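The values are calculated or read from the model by the stated rules, or taken from the named source; none is laboratory data. If you're wondering where the values come from, they're calculated on a predicted model, not measured in any experiment. As a convention, Cβ positions derive from the backbone with ideal geometry for all residues, glycine included, and neighbour counts pool all protein chains shown. Just so you know, the surface numbers come from the protein's heavy atoms only, side chains and all, with ligands and any DNA or RNA stripped out. Shrake-Rupley method; radii C 1.70, N 1.55, O 1.52, S 1.80 Å.
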Amino acid sequence: MDRNIRTVDDVLRLLDGLFAPEADRWTDGGASWWDGFYTDRSRPVPFFSAKPDENLASYLDRGLIASPGRALDLGCGPGRNALHLAAHGFEVDAVDLSATAIAWAEDRAREAKASSIRFHCGDAFALTDEQLGGPYDLIYDSGCFHHLPPHRRVSYLALLDRALAPGGHFALACFAAGESGMGSELPDAALYGEAALHGGLAYTLKSLRWIFSDLEEVELRRMRDESPSSLLFGEPFLWTALFRRPG
């Protein structure tokens, strides 16, 4: 008989275990799924191209985010947004679970001669403060948050609280509810009954405002649709959000 729940982390790990193994895309155990996803670099996946998110580019162009500074790119994939931040003078820590994605991102960084990016392969919640080296003026997340189960929002908010500098910005792109079936719209409690995340969770604007209510809202909108010929990535089934930490 086990009685091994003593801390919040113990509870979170217990809840992790309620999901089927194939649902795991947020811990080191999900790395193999992402490795398979990124193995074929020629796949016609829109965000495989070396284009930054249109909202990130817009924040910088409009001066909503000041540069240069220090940035953390959560779920960096092949590094497209990390490269854009480096080109604007940021020192970037870029994190992803997938060694395959990190290898691709490192290849791109070498080609671009972007020496101000440090890539980390692993679980952002498990990396030490020394590895991530905050505080950060910007934490950017394009498609990581919506792959977390509900209880891991606690870990996510703790990471923001620990790593985001006072006055720093947090920016997010995630699945928008009601958009062509992109992301599950089941209530949080129902997800535990099914032991599945259905490829990611969709959010309403109201829910995003509530989850990140400790931060000041700067801009919250739908991502612009960008054509294949555009130099930017944009898909309208995503929300984009920019928040600022008081201080």
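If I ask for residues that are assigned to a loop (DSSP other than H, G, I, E, B), under 14 Å from the mean Cα position of the chain (by Cα) and not polar (S, T, N, Q), which ones from the stretch 78-123 would you list? If you could, list the steps in order and put the result at the bottom.
Going residue by residue through the stretch 78-123, those that are assigned to a loop (DSSP other than H, G, I, E, B) are 78-79, 88-90, 97-98, 113-116, 122-123.
From the residues that got through so far, the ones that are under 14 Å from the mean Cα position of the chain (by Cα) too are 78-79, 97-98, 122-123.
Result: PRO78, GLY79, LEU97, GLY122, ASP123.
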Restricting to the stretch 33-64, name every residue that is open to solvent by 10 Å² or more (accessible area, probe 1.4 Å), of a type in the set (Ser, Thr, Tyr) and farther than 21 Å from ARG110 by Cβ. SER58
Looking at (1) open to solvent by 20 Å² or more (accessible area, probe 1.4 Å); (2) closer than 16 Å to CYS144 by Cβ; (3) in contact with a His (Cβ under 8 Å, 6 or more places away or on another chain), which one does SER67 not meet, given that it meets all the others? (2)
Taking into account only those residues within the stretch 64-77 that are assigned to a loop (DSSP other than H, G, I, E, B) and under 26 Å from GLY30 (Cβ atoms), which is farthest from the chain's Cα centre (by Cα)? GLY77
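Looking at SER42, is it hydroxyl-bearing (Ser, Thr, Tyr) and either within 24 Å of ALA101 (Cβ to Cβ) or part of a loop (DSSP other than H, G, I, E, B) (or both)? Before the answer, list the steps.
Numbers: hydroxyl-bearing (Ser, Thr, Tyr): yes; either within 24 Å of ALA101 (Cβ to Cβ) or part of a loop (DSSP other than H, G, I, E, B) (or both): yes.
Answer is yes for this residue.
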For a quick check of your reading of the model, give me the residue pairs whose first member lies in the stretch 107-120 and is within 12 Å of HIS84 (Cα to Cα), whose second is of a type in the set (S, T, N, Q), with beta-carbon atoms closer than 8 Å and at least 6 apart or on different chains. ALA109/SER115
Give just the number: which of (1) under 15 Å from ALA31 (Cβ atoms); (2) of a type outside the set (Asp, Glu); (3) buried (at least 23 other Cβ atoms within 10 Å of the Cβ) does ALA126 not satisfy? (3)
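So which residues in the stretch 1-39 are charged (D, E, K, R), in a helix (DSSP H, G or I) and within 19 Å of ARG152 (Cα to Cα)?
ASP9, ASP10, ARG13, ASP16, GLU22, ASP28
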I need the full set of residues from the stretch 129-158 which are in a loop (DSSP other than H, G, I, E, B) and either in contact with a helix residue (DSSP H, G or I) (Cβ under 8 Å, 6 or more places away or on another chain) or surrounded by fewer than 17 Cβ atoms within 10 Å (Cβ to Cβ) (or both), in order please. GLY133, GLY134, PRO135, GLY143, LEU148, PRO149
